[in-house]
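> Take a look at this one; I'll ask things after.
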Amino acid sequence: MRFLTANPSYLQVTPLALVILLFLLFPVATIVIVSFWDYNAYQLLPDFIFENYEFLLTSSVTLSAYLKTFFFAITSWLITLTLGFTVAYYLAFYIRSPLLQSVLFVLCTVPFLTSNIIRMISWIPLLGRNGLVNSTLQEINLIDAPIEWLLYSDFAVILAFVHLYTLFMVVPIFNSMMRIDRNLIEASIDAGASAFQTIFQVVVPLCKSGIAIGSIFVVTLVMGDFITVSLMSGGLSASVGVLIRNEISLLQYPAAAAGAVVLLITVLIMLSIMFRFINIKKEL
Amino acid sequence: MAAPDKAKRKAGFIPLTIIFVLFIIFLYGPTATIAILSFQGPDGGLTFPMNGMSLHWFRQLFEEQQVGDFGGSLTRSILLGIAVMLCTAVFSLLAGLAYRRSFMGGNVLFYLTLVSLILPSILISLGIGIMFDRIGLSPGWYSSAFGAHLTWTLPFGLLIMFAVFNRFNKSYEAAAIDMGATSWQTFRLVVFPLILPSLIGVCLFGFTLSYDEFARTLMTAGTFNTLPLEIYGMTTNVTTPVLYALGTLTTLFSFTLISAALISIWAVRKSRARKAPTSA
């Protein structure tokens, strides 16, 4: 016990460590163990079988769900990155007054603290068959019949992802941009670079880690999502998360656990690539 | 900054301002739409046009048989949010203090906390659900969901605390100790007031993230729903603007909390500036 009195850090960090141990490490270990179990309609049967994985990895449903999920992840990532970068760039380099800058920044981040489900639902009166977009377009005679793919489609899913997660890009990229020495931008312009050259050869490399942090958030949130996909696609699209969720509701826990382990490995591989670009402690 | 520089930047100013304004409309427009639609008349539907104006759907919310267990789920969400908020604030403050010294395993724990933040929520939800099932505990919003929420709020709290202590000027503390303050006095009278604004921010995150959390609650809430679960249930079986009324109320509630937190942060900073006009 001597190290406890010598360094109070151990005592101070205990609550955090306990939460991580009890509600992160144990549950993940449980998932890994249960993924090798057998099950029937009523109960889980402790065992060591590979059938859950065998079924999962040879099923065409899994393959198409992964392809769909990667499609959602890459598309949402590209759009949130472009949009988030533009917004952050505007806030960081075009707004001179620090007060206005803070106000606009808060304006961009407030929705993060409100309900995601409500924010998804709120697209329904806009995009539905008789929604505002369709009725407006019909009124001005741009279309004859309502556009069906606005709601309950892949379009709606990606729109919702962009709506929900762009601020995960704005915040870290803005944070990186605010640390850029303004003289570098002026030097670049003085040296004859065009505005676009300055952005892509000076600003982008200097906010590489902000971009990486935002990307980590967006990609992992989309990869593990099930609620946005099922709500906004109206059950028409199946992502990896939706498959796991379906198995959970059928009480096929070992199958769901195997699905979760494969998802976890996929996400970890993607993270290990993205974490190469940053030193997270330096960012704070 | 020099004037010619400003003239050069004006080039992109107008298109970028337009993009920014459109982005803000994109962020808030849909929510504003359901806020308007929640005032539909009694015969109004889920979309425009408005069929008169009324508070009909807000009244419906409080008639229990109409929309499930709205009152109960709201109470549970608020209680859970408060508990998560308090634990997030205390635990991340303690951990933030701990990380000012290096200690064994510190790096591992830090990275695990990050993993906790970015691990797909469905994994946490499923894992805690099965774990409770296996050890023979029945999941509850006050036990398993509480833990699940902490895995989401604590990383944010810890990251904010890291940001605070990275910028913290240690000479204030050194001065207090030089003047004979005990370590508790130093913390209570010097460190705590300095980090109070950030701590209010941690509280705001802790409460609102828990109050709105869905994915990590799904398999961990047990028999009784929290508010987001109740709302999700409503999306499949409620086809009246009562859903929008609920959405509007809960969004208003979040906005109120955010404003209260921002105002108190501002007030703390202002009173400090008044007390010590020369310090930064």
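The values are calculated or read from the model by the stated rules, or taken from the named source; none is laboratory data. Treat the numbers as computed from the prediction; the structure is a model and nothing was measured. Backbone-built Cβ (ideal geometry, glycine too); neighbour counts: all protein chains shown.
> From the list A:185, A:248, which one is free of Cβ contacts under 8 Å to residues at least 24 places away in the same chain, within 11 Å of chain B (Cβ to nearest Cβ) and aliphatic (A, V, I, L, M)?
After applying the criteria, what remains is A:248.
> Of the residues A:60, A:64, which single one is loosely packed, with under 15 Cβ neighbours inside 10 Å, under 30 Å from residue A:214 (Cβ atoms) and under 28 Å from the mean Cα position of the chain (by Cα)?
Values: A:60 fails: under 30 Å from residue A:214 (Cβ atoms).
So the residue among A:60, A:64 that is loosely packed, with under 15 Cβ neighbours inside 10 Å, under 30 Å from residue A:214 (Cβ atoms) and under 28 Å from the mean Cα position of the chain (by Cα) is A:64.
> Moving on. Given the options A:235, A:241, name the one that is part of a loop (DSSP other than H, G, I, E, B), within 22 Å of the chain's Cα centre (by Cα) and not acidic (Asp, Glu).
Values: A:241 fails: part of a loop (DSSP other than H, G, I, E, B).
So the residue among A:235, A:241 that is part of a loop (DSSP other than H, G, I, E, B), within 22 Å of the chain's Cα centre (by Cα) and not acidic (Asp, Glu) is A:235.
> Where residues in the range A:165-201 are farther than 21 Å from residue A:119 by Cα and hydroxyl-bearing (Ser, Thr, Tyr), which of them is modelled with the highest pLDDT?
So in the range A:165-201, the residues farther than 21 Å from residue A:119 by Cα come out as A:172-201.
Next, from what is left, pick out any that are hydroxyl-bearing (Ser, Thr, Tyr): A:176, A:188, A:194, A:198.
On the way: A:176: 90, A:188: 87, A:194: 83, A:198: 86.
So the residue we want is A:176.
> Turning to a different aspect of this structure: Can you pull out every residue in the range B:21-63 that is β-branched (Val, Ile, Thr) and at pLDDT below 80?
Selection gives B:47 alone.
> Among the numbered criteria (1) within 9 Å of chain B (Cβ to nearest Cβ); (2) crowded, with 24+ Cβ neighbours inside 10 Å, which one does residue A:258 miss?
Condition not satisfied by residue A:258: (1).
> State whether the residues of the range A:136-149 include one that is assigned to a loop (DSSP other than H, G, I, E, B), modelled with pLDDT under 90 and under 23 Å from the mean Cα position of the chain (by Cα). Give the steps one after another, and end with the answer.
The initial filter retains those residues of the range A:136-149 that are assigned to a loop (DSSP other than H, G, I, E, B), namely A:140-147.
Still in the list and also modelled with pLDDT under 90: A:140-147.
If we keep only those that are under 23 Å from the mean Cα position of the chain (by Cα) as well, we get none.
There is no residue in the range A:136-149 that is assigned to a loop (DSSP other than H, G, I, E, B), modelled with pLDDT under 90 and under 23 Å from the mean Cα position of the chain (by Cα).
Matching residues to (1) under 29 Å from residue A:232 (Cα atoms); (2) in a helix (DSSP H, G or I); (3) of a type outside the set (Phe, Trp, Tyr):
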| site | (1), (2), (3) |
| --- | --- |
| B:199 | no, yes, yes |
| B:254 | yes, yes, yes |
| B:266 | no, yes, no |
| B:271 | no, yes, yes |
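> Just to check your reading of the model, which residue among A:72, A:36, A:55 is under 23 Å from residue A:242 (Cα atoms), touching a residue at least 24 places away in the same chain (Cβ under 8 Å) and not in a helix (DSSP H, G or I)? Let's see the steps before the verdict.
Values: A:72 fails: not in a helix (DSSP H, G or I); A:55 fails: not in a helix (DSSP H, G or I).
Within the list A:72, A:36, A:55, the selection yields A:36.
> Run residue A:98 past the list (1) free of Cβ contacts under 8 Å to residues at least 40 places away in the same chain; (2) within 9 Å of another protein chain (Cβ to nearest Cβ) and report the number of the one that doesn't hold.
Failing condition for residue A:98: (2).
> Suppose we filter the range B:133-179 for residues that are more than 10 Å from chain A (Cβ to nearest Cβ) and in a loop (DSSP other than H, G, I, E, B); how many remain?
Residues that pass the stated criteria total 10.
> Looking at (1) facing chain B (nearest Cβ under 10 Å); (2) surrounded by fewer than 21 Cβ atoms within 10 Å (Cβ to Cβ); (3) touching a strand residue (DSSP E or B) at 6+ places or on another chain (Cβ under 7 Å), can you tell me which one residue A:271 breaks?
(3)
> Ok, one more. Identify all residues within the range A:112-135 that are in a helix (DSSP H, G or I), within 17 Å of residue A:157 (Cβ to Cβ) and more than 25 Å from the chain's Cα centre (by Cα); write none if there are none.
The one that is in a helix (DSSP H, G or I), within 17 Å of residue A:157 (Cβ to Cβ) and more than 25 Å from the chain's Cα centre (by Cα): A:133.
> Which of the residues belonging to the range B:96-114 are at the interface with chain A (Cβ under 7 Å from one of its Cβ atoms), surrounded by 20 or more Cβ atoms within 10 Å (Cβ to Cβ) and under 22 Å from the mean Cα position of the chain (by Cα)?
B:113
> Got a number for residues in the range A:127-159 being within 13 Å of chain B (Cβ to nearest Cβ) and either within 23 Å of residue A:199 (Cα to Cα) or crowded, with 20+ Cβ neighbours inside 10 Å (or both)?
In the first step, residues of the range A:127-159 are kept if they are within 13 Å of chain B (Cβ to nearest Cβ); the result is A:127-136, A:138-139, A:146, A:150-152, A:156, A:159.
Filter once more, keeping what is either within 23 Å of residue A:199 (Cα to Cα) or crowded, with 20+ Cβ neighbours inside 10 Å (or both): A:127, A:131, A:134, A:151-152, A:156, A:159.
Within the range A:127-159, residues that are within 13 Å of chain B (Cβ to nearest Cβ) and either within 23 Å of residue A:199 (Cα to Cα) or crowded, with 20+ Cβ neighbours inside 10 Å (or both) number 7.
> Among (1) closer than 25 Å to residue B:216 by Cβ; (2) in contact (Cβ under 8 Å) with a residue 40 or more places away in the chain, there is one condition residue A:61 misses while meeting the rest; what is its number?
If we test residue A:61 against (1) closer than 25 Å to residue B:216 by Cβ; (2) in contact (Cβ under 8 Å) with a residue 40 or more places away in the chain, just (1) comes out false.
> Sticking with this one: Being outside any loop (DSSP other than H, G, I, E, B) and either at the interface with another protein chain (Cβ under 9 Å from one of its Cβ atoms) or of a type in the set (S, T, N, Q) (or both) is the filter here; which residues of the range B:208-228 pass it? Write out each step before concluding.
First, the residues of the range B:208-228 that are outside any loop (DSSP other than H, G, I, E, B): B:208-212, B:222, B:227-228.
Within the range B:208-228, B:208, B:209, B:210, B:211, B:212, B:227, B:228 meet the criteria.
> Return yes when residue A:162 is surrounded by fewer than 17 Cβ atoms within 10 Å (Cβ to Cβ), at pLDDT 90 or above, facing chain B (nearest Cβ under 9 Å) and under 25 Å from the mean Cα position of the chain (by Cα) and no when it is not. Give the derivation first.
On the way: surrounded by fewer than 17 Cβ atoms within 10 Å (Cβ to Cβ): no; at pLDDT 90 or above: yes; facing chain B (nearest Cβ under 9 Å): yes; under 25 Å from the mean Cα position of the chain (by Cα): yes.
No.
> Let me ask something additional. Being closer than 30 Å to residue A:118 by Cβ, within 13 Å of chain B (Cβ to nearest Cβ), within 16 Å of the chain's Cα centre (by Cα) and surrounded by 23 or more Cβ atoms within 10 Å (Cβ to Cβ) narrows it down to one residue among A:227, A:216; which is it? Show your work before the answer.
Numbers: A:227 fails: surrounded by 23 or more Cβ atoms within 10 Å (Cβ to Cβ).
One residue alone meets the criteria, A:216.
> Same structure again: Does residue A:106 satisfy being exposed (fewer than 15 other Cβ atoms within 10 Å of the Cβ), in a helix (DSSP H, G or I) and without any contact (Cβ under 8 Å) to a residue 40 or more places away in the chain?
Working: exposed (fewer than 15 other Cβ atoms within 10 Å of the Cβ): yes; in a helix (DSSP H, G or I): yes; without any contact (Cβ under 8 Å) to a residue 40 or more places away in the chain: yes.
Taking the combined requirement at face value, the residue satisfies it.
> What's the number of the only condition in (1) in contact with a Pro (Cβ under 6 Å, 6 or more places away or on another chain); (2) of a type outside the set (D, E, K, R); (3) closer than 24 Å to residue A:109 by Cβ that residue B:231 fails to meet?
Going through the list (1) in contact with a Pro (Cβ under 6 Å, 6 or more places away or on another chain); (2) of a type outside the set (D, E, K, R); (3) closer than 24 Å to residue A:109 by Cβ, residue B:231 breaks only (1).
> If residue A:176 satisfies every condition in (1) closer than 21 Å to residue B:232 by Cβ; (2) small (Gly, Ala, Ser); (3) more than 12 Å from every other protein chain (Cβ to nearest Cβ) but one, which is the exception?
Failed condition: (1).
> Here's another thing I want to ask about it. Using the structure shown, decide if residue A:79 is more than 10 Å from chain B (Cβ to nearest Cβ), assigned to a helix (DSSP H, G or I), farther than 18 Å from residue B:13 by Cα and in contact with a helix residue (DSSP H, G or I) (Cβ under 8 Å, 6 or more places away or on another chain).
yes
> Among (1) within 14 Å of another protein chain (Cβ to nearest Cβ); (2) outside any loop (DSSP other than H, G, I, E, B); (3) crowded, with 18+ Cβ neighbours inside 10 Å, which single condition is residue B:86 missing?
Just one mismatch for residue B:86, condition (3).
> Suppose we filter B:124, B:130 for residues that are facing another protein chain (nearest Cβ under 8 Å), within 15 Å of residue B:214 (Cα to Cα) and in contact with a Ser or Thr (Cβ under 6 Å, 6 or more places away or on another chain); which single one remains? Give the derivation first.
Working: B:130 fails: within 15 Å of residue B:214 (Cα to Cα).
So the residue among B:124, B:130 that is facing another protein chain (nearest Cβ under 8 Å), within 15 Å of residue B:214 (Cα to Cα) and in contact with a Ser or Thr (Cβ under 6 Å, 6 or more places away or on another chain) is B:124.
> State yes or no: is residue B:231 aliphatic (A, V, I, L, M), surrounded by fewer than 17 Cβ atoms within 10 Å (Cβ to Cβ), in contact with a Ser or Thr (Cβ under 9 Å, 6 or more places away or on another chain) and assigned to a helix (DSSP H, G or I)? It would help to see each step written out before you state the result.
Working: aliphatic (A, V, I, L, M): yes; surrounded by fewer than 17 Cβ atoms within 10 Å (Cβ to Cβ): no; in contact with a Ser or Thr (Cβ under 9 Å, 6 or more places away or on another chain): yes; assigned to a helix (DSSP H, G or I): yes.
So residue B:231 does not fit the description; no.
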